[in-house]
Structures are given as structure tokens and as C-alpha cells.
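Novice: So that we are looking at the same thing, I have put the structure below in C-alpha cells.
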Amino acid sequence: MQPDEIDWKIIDILREKFVPNNAIARELGVSEGMIRQRVKRLKEAGILRIRALINPDVLENLQLALVAVNITESSLLKKKADQIANLENVLSVSFTSGRYDLFVEVLVSSNRDLVRFLTEELPNVEGVTNSETFMMLRSYNKFV
């Protein structure tokens, strides 16, 4: 399924803030039922997911880190990315070009949790050869 123009307008509105279906319908000049139906279809297709987001800079006990990872064989990238994505505290995993194979975004509640992730969880993923961690000291307009 590819989103059409109305689908993209719905997605753009929901990116800004949660808006009830009737308000979206009013703004787009369509029925509330149409919006409800399209949001459901977008969710089922895996295009849209609605969830609460937090700003890690506002909360004192959260630390955001980016972990750059190399994998032994490029043929294993998808499998290893899936395994890493299922580890606790992992927000996202991305394939990258350049020096590293994957970027892993991690949100932890303490340095101790980050150390545990780096020394116990990540090394248990067979095929991870090395990693480099970048601590996010301050983020702007970053919600996770």
C-alpha cells in the first residue's frame, strides 16, 4: 500500500500532535468515518503507529546514546539488526554507509545500564566485531 495525498495529510497532522479524528476530518473537509478508516488502514499496513513520545533532555534520569556497530559478514546484517533491535533499551537500528554497519539508538536510565548494554547484551549478539559509543549530551527537538 502506498499512501495517497489525504493519507499523507493525516500523517503530517498526527506528526505534530495527537488530534482527534473529528478535528482532522474538519481540517481536511472529509468525514470522520473516512479518517477513522484511513488511520486504521495505515496502522494495519505498518505505515503509521501512534504512540506517546518523551523528550529525554527534560527528564534527568535518561541518557540517549548512539552505538556504532560492525558485523563480521554483510550477509548477516539484517539478521543481526533484528536481534539487536529486540534488545532491552534499543529504540532503533539503522543500516549505514561508511565506517560502521549499523547505528543503534539506545535510551537508558543510567550509565550503569549503558555499561550493561555494551558489555553484556551487545557482545552476546554473535557476529558483532566492535562498537563505538557516542553519548548524546543534548538533543534539540528530539522525542523518543
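The values are calculated or read from the model by the stated rules, or taken from the named source; none is laboratory data. This is a predicted model, so every value here is computed, not measured. As a convention, Cβ positions derive from the backbone with ideal geometry for all residues, glycine included, and neighbour counts pool all protein chains shown.
Novice: Return the pair list, or none, for Cβ contacts closer than 7 Å from residues in region 130-144 that are in the same structural domain as THR72 (by TED's automatic domain parsing) and exposed (fewer than 13 other Cβ atoms within 10 Å of the Cβ) to residues that are modelled with pLDDT of 85 or more and among the β-branched types (Val, Ile, Thr), at least 6 apart or on different chains.
Specialist: Taking only residues 6 or more apart or on different chains, not a single pair turns up.
Novice: Looking only at region 60-79, which residues are surrounded by 12 or more Cβ atoms within 10 Å (Cβ to Cβ) and of a type in the set (Gly, Ala, Ser)?
Specialist: If the condition is that a residue be surrounded by 12 or more Cβ atoms within 10 Å (Cβ to Cβ) and of a type in the set (Gly, Ala, Ser), then ALA65, ALA68 are the ones that fit.
Novice: Quick one: would you say LYS79 is of a type in the set (Lys, Arg), modelled with pLDDT of 90 or more and closer than 30 Å to THR129 by Cβ?
Specialist: yes
Novice: Can GLU16 be described as of a type in the set (Asp, Glu) and more than 17 Å from the chain's Cα centre (by Cα)?
Specialist: Working: of a type in the set (Asp, Glu): yes; more than 17 Å from the chain's Cα centre (by Cα): no.
It is false that GLU16 is of a type in the set (Asp, Glu) and more than 17 Å from the chain's Cα centre (by Cα).
Novice: Right, next: Report, by residue number, each residue of region 51-76 that is farther than 30 Å from ASN22 by Cα and either at pLDDT below 85 or part of a helix (DSSP H, G or I) (or both).
Specialist: Within region 51-76, PRO56, ASP57, VAL58, LEU59, GLU60, ASN61, LEU62, SER74, SER75, LEU76 qualify.
Novice: Being out of contact with any strand residue (DSSP E or B) (no Cβ under 7 Å at 6 or more places or on another chain), surrounded by 12 or more Cβ atoms within 10 Å (Cβ to Cβ) and at pLDDT below 95 is the filter here; which residues of region 87-112 pass it?
Specialist: The answer is SER109, and nothing else.
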